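These notes concern the structure reproduced below.
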Amino acid sequence: MRPAVLQAAIDLALRDQSGVEGGFWRSSDGVVAYAFPTYDGSGVKRDAPSAELERIAATAQRALDAAGTVTDVRPGLRESVVFAACPASQASDATAAWTLKRVPLMSATVLNQLLLSTSLLLAFVVLSGIWLGWTLSRWRRHNAELAAQLAHAERLATLGRVAAGMAHEIRNPIGTMRLKAENALAAAPAVREARVAGALEAVLAQTERLDALVSSLLALAQPFSVRRQAVDLFQWLGEQLHVHSEAADELGITLRLAIDRERFSAECGALDTVQMARALDNLLRNALAHCARGGVIEVGARTPQPQRLLLWVADDGEGVPVELRDSLFDPFIGHRPGGTGLGLSLVREIVHAHGGSIVLAPTTRGARFEMELPWRAS
């Protein structure tokens, strides 16, 4: 079919199709006829869009190969181009008819407004991020300053409590020694020698108390060096109870060991027996001081989970007053007669040095201190 006939056919077909352009295409000659009757430019448009020629050829060839109509869409930012092609049934030389239409997605004004809005939003996000980063940095500095001030205040408060406790613990022995010495000096000659002997004995006793206080303070001030060694837990706990058995007998208190001997003889574990003996000694002294005649003190052990050991010292005495429970492990909190007020603080430090924890466990009667420790071979 001649190009003039094809041109007339496409002009007639598209004259009422607004925005649609099209033509005929041959595999040997390319575009042989083109029309865009509704083109809104000046003059008549007769040149096929060069930017779309490759897509036109591909769509037309697909239509010829499929012997039917095919469509294709090329998406874009501002517009999409819809291509369609089909074989020309009256042509005998592999000619395909094609059309394309540009479908606007948004106008340039809308696109520019969108770009402007997006740019403003991006700028706002960036500025907000900068402001947030500056605020967070300032907050961190302020928080660090507050933390430093709080730590300093806590240190001062702790130092004040320790100083007050030390003053109280030192003043009492000094007052006792002074009173004994004054009484001895003021005694009549007939009883002066006996009073002097009694005063010297009191001085020695109070000196031992002050020495125990200084030793406990030094122990708290120095880092604990844990030296673990394998231990037969049943035998070791029995030895700790034996140390206090005489004092317990004098007070009419029963010491009881709650532990599965066969199990702990077979299990392998290690502790610093010297340091833990100090911890148990303090807990047992507290229990003896607060347990009434006829009472029972229990020392026990079990493994709540693999490689963990739970030790406890429990008594059925008067228990710990509610107002002391939150600060029980602070220095100079205890009120055991003859104690330094540092025993539970020392116990806590020893347990922490082992990588464990100590708590005053809930109980219906008396006090129960539980120490959970790592339990494995050294």
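The values are calculated or read from the model by the stated rules, or taken from the named source; none is laboratory data. Keep in mind the model is a prediction, meaning the values are calculated, not measured. As a convention, Cβ positions derive from the backbone with ideal geometry for all residues, glycine included, and neighbour counts pool all protein chains shown. Please note that ligands, DNA and RNA were not included when accessible areas were found on the heavy atoms of the full protein model with its side chains. Shrake-Rupley method; radii C 1.70, N 1.55, O 1.52, S 1.80 Å.
Data for the structure
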quantity: Overall dimensions of region 4-56 as given by Cα atoms, namely Rg and Dmax in Å; calculated: 10.9, 32
quantity: Candidates Glu79, Glu239, Glu323, ranked by Gaussian network fluctuation over the chain, Cα under 10 Å, top entry; calculated: Glu79
quantity: Residue-averaged [θ]222 nm for the chain, counting only DSSP H segments that reach four residues, each worth -39500 (n - 2.57); calculated: -17500 deg cm²/dmol
quantity: In order through region 42-57: 3J(HN,Hα) via Karplus (6.51 cos²θ - 1.76 cosθ + 1.60), integer Hz, x for Gly, Pro; calculated: 7, x, 9, 8, 10, 9, 5, x, 5, 5, 9, 4, 5, 5, 4, 5
quantity: Point-to-point label distance, Leu121-Ile170, nm (Cα→Cβ direction, 7 Å offset); calculated: 7.2
quantity: Per residue accessible area of the chain, 1.4 Å probe, in Å²; calculated: 60
quantity: Percent carbon-and-sulfur accessible area, the chain, ignoring ligands, DNA and RNA, probe 1.4 Å; calculated: 57
quantity: Cα-based convex hull volume of region 270-333 per residue, rounded to whole Å³; calculated: 124
quantity: Taking only Cα atoms of region 5-149, radius of gyration then Dmax in Å; calculated: 27.3, 96
quantity: 5 angstrom amide H check on Glu21, placed H, neighbours 5+ away; calculated: Leu100
quantity: Residue with peak Gaussian network fluctuation, the chain [Cα springs, cutoff 10 Å], from Ile297, Ile350, Ile56; calculated: Ile56
quantity: Sites Val203 and Arg285, calculated FRET efficiency, Cβ-Cβ separation with R0 22 Å, nearest 0.05; calculated: 0.40
quantity: Space enclosed by the convex hull of the alpha-carbon atoms of region 236-289, per residue, Å³; calculated: 75
quantity: Average projection area in nm² (convex hull over Cα atoms of region 17-103, one quarter of hull surface); calculated: 5.8
quantity: Descending Cα extents along the principal axes, the chain, whole Å; calculated: 156, 52, 36
quantity: Quotient of Cα Rg and 2.2 N^0.38 Å for region 175-318, N being how many residues it contains; calculated: 1.45
